[in-house]
Amino acid sequence: MKLFAKQTLKVAAVICGALLMLFGVYESTSMFFGKGMPSVAMWSDSDDPASMQAGSLVKKDGEDFRILLFSDIQLAGNPIENAMALKMAEDLARDTNPDFIMTTGDNASWFLSGIMTKTVIRKMESLDIPWGVVLGNHDSEWIADRNWTGNRYELAKNSLFQMGPANIHGVGNYVVNILDEKGMRIYSLIMLDSNEYRTYEDGRDYDFIYYDQIKWYEWIVSGQDDVPSMLFFHIPLPEFKEAWQMWESGEIDGSLGFGDNREDIFCAPVNTGLFDKAKELGNTTHIFCGHDHINNLSVEFDGIRLTYGLKTGPSSYSDKDRQGATLITILDGSNEVTVGHIYY
């Protein structure tokens, strides 16, 4: 019965896609099938990190630098919820006037993911603010594969998204450097693809950040010259669960965090060691994720602040009092970072 229902949905998706193509939503047959072009960039850990092509943004002297973080916008088949999510994003951007907008993935979902990706892009471009994304587990469902989705984001005018190296796992492993007016780096934003799903011995579950991605991250940090960094990806690390348990038990000082979690931490069942590598390197100060829609805990754990981005919009599952965005501020003068949720 489940197989029949799944096949029926696939047929419905193809029919829907065909109709949308006829009405001009998709520009070509290749886009209808949603097969994108993979990256052609190649990476070796023997390369000089200084040679890496990265996006950049400039923090003006005398001003803070503000990053507005959207999480799990997740546009799908409900036009009312979609409209509410897009209005929320627009209002929050207008009210905070950020220097950069970032999303932690799942901007779109289900069989309409390709169409909804283009809708998200139109909204982000209309804000006329530099922006970036990482991909979530739902962003490339059904007729739009991960390369197709990444291609669309990379082509957008104000987007700093990059497909990233072709010879490591994931689509969208890239870096955005924040510079001062003299061109010196003051912070690096490192984006990683936490991938989608994989089959384990005991069944299907969420995928993880792979060892080759961690090696690439280490290579990036090795060329930073002690410039601090933040990490952005979609699916939380197992350490988010460990930190939450310690927060709930009172083992972590209450002054080191805020917020709470209303559901479990749906991380991968395998810990590939990214957090331990970040601790070892001593460069990363903050890690941001999405994925778990009604969690909003932000807590310092072993010297690194772990933060759930606040869910943006009511689509999929959500709590009405737990929607909005997260504001990350690099303070002028000290380059210290503050993090806070903005409830809508």
**Asked** In region 95-111, is there at least one residue being in a helix (DSSP H, G or I), in contact with an Asp or Glu (Cβ under 7 Å, 6 or more places away or on another chain) and hydrophobic (A, V, I, L, M, F, W, C)?
**Response** yes
In region 222-245, anything outside any loop (DSSP other than H, G, I, E, B) and either surrounded by 23 or more Cβ atoms within 10 Å (Cβ to Cβ) or in contact with a strand residue (DSSP E or B) (Cβ under 6 Å, 6 or more places away or on another chain) (or both) is listed as SER229, MET230, LEU231, PHE232, PHE240, ALA243, TRP244
Looking across region 186-210 at residues that are touching a helix residue (DSSP H, G or I) at 6+ places or on another chain (Cβ under 9 Å) and part of a strand (DSSP E or B), the single one that is surrounded by the most Cβ atoms within 10 Å (Cβ to Cβ) is ILE190
Residue check, LYS279 outside any loop (DSSP other than H, G, I, E, B), among the basic types (Lys, Arg), surrounded by fewer than 22 Cβ atoms within 10 Å (Cβ to Cβ) and over 17 Å from the mean Cα position of the chain (by Cα) | yes
Restricting attention to region 143-157, the residues that are touching a Ser or Thr at 6+ places or on another chain (Cβ under 6 Å) and assigned to a loop (DSSP other than H, G, I, E, B) number exactly 1
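Residue-wise test of (1) of a type in the set (A, V, I, L, M, F, W, C); (2) modelled with pLDDT of 95 or more.
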position	(1), (2)
ALA144	yes, no
LEU155	yes, yes
SER159	no, yes
ILE168	yes, yes
GLU181	no, yes
Restricting attention to region 306-344, the residues that are free of Cβ contacts under 8 Å to residues at least 40 places away in the same chain and among the basic types (Lys, Arg) number exactly 1
Filter result for GLU248 (in the same structural domain as THR329 (by TED's automatic domain parsing), part of a helix (DSSP H, G or I) and over 17 Å from GLY170 (Cβ atoms))
yes
Picked from region 225-245 (must be among the acidic types (Asp, Glu) and more than 22 Å from ASP260 (Cβ to Cβ)), the residue modelled with the lowest pLDDT is ASP225
Flagged in region 192-202 as over 14 Å from LEU237 (Cα atoms), at pLDDT 95 or above and out of contact with any strand residue (DSSP E or B) (no Cβ under 9 Å at 6 or more places or on another chain), in numbering order, are TYR200
Picking from ASN158, ASN151, ASN147, the residue that is more than 21 Å from TYR197 (Cβ to Cβ) and touching a residue at least 40 places away in the same chain (Cβ under 8 Å) would be ASN151
Considering region 47-73, residues that are in contact (Cβ under 8 Å) with a residue 12 or more places away in the chain, over 21 Å from ILE287 (Cβ atoms) and of a type in the set (S, T, N, Q), and then whichever is surrounded by the fewest Cβ atoms within 10 Å (Cβ to Cβ), we arrive at GLN53
- Item | Residue match in region 253-262 (condition: farther than 27 Å from ILE73 by Cα, among the aliphatic types (A, V, I, L, M) and surrounded by 15 or more Cβ atoms within 10 Å (Cβ to Cβ)) | no
Among the residues of region 263-312, the number that are polar (S, T, N, Q) and closer than 19 Å to VAL175 by Cβ is 3
Residues that are of a type in the set (Val, Ile, Thr) and more than 25 Å from PRO130 (Cβ to Cβ): does region 173-192 have at least one?
no
Within region 289-323, residues small (Gly, Ala, Ser) and either under 18 Å from GLY136 (Cα atoms) or at pLDDT below 95 (or both) come out as GLY290, GLY309, GLY313, SER315, SER316, SER318
Checking GLU242, GLU218 in turn, the sole residue that is farther than 24 Å from ASP72 by Cα and either touching a Cys at 6+ places or on another chain (Cβ under 7 Å) or touching a residue at least 40 places away in the same chain (Cβ under 8 Å) (or both) turns out to be GLU218
Residue count, region 158-185, condition basic (Lys, Arg) and either crowded, with 19+ Cβ neighbours inside 10 Å or assigned to a loop (DSSP other than H, G, I, E, B) (or both), comes to 1
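The values are calculated or read from the model by the stated rules, or taken from the named source; none is laboratory data. Treat the numbers as computed from the prediction; the structure is a model and nothing was measured. Glycine gets a Cβ as well: all are built from the backbone with ideal geometry, and neighbour counts include every protein chain shown.
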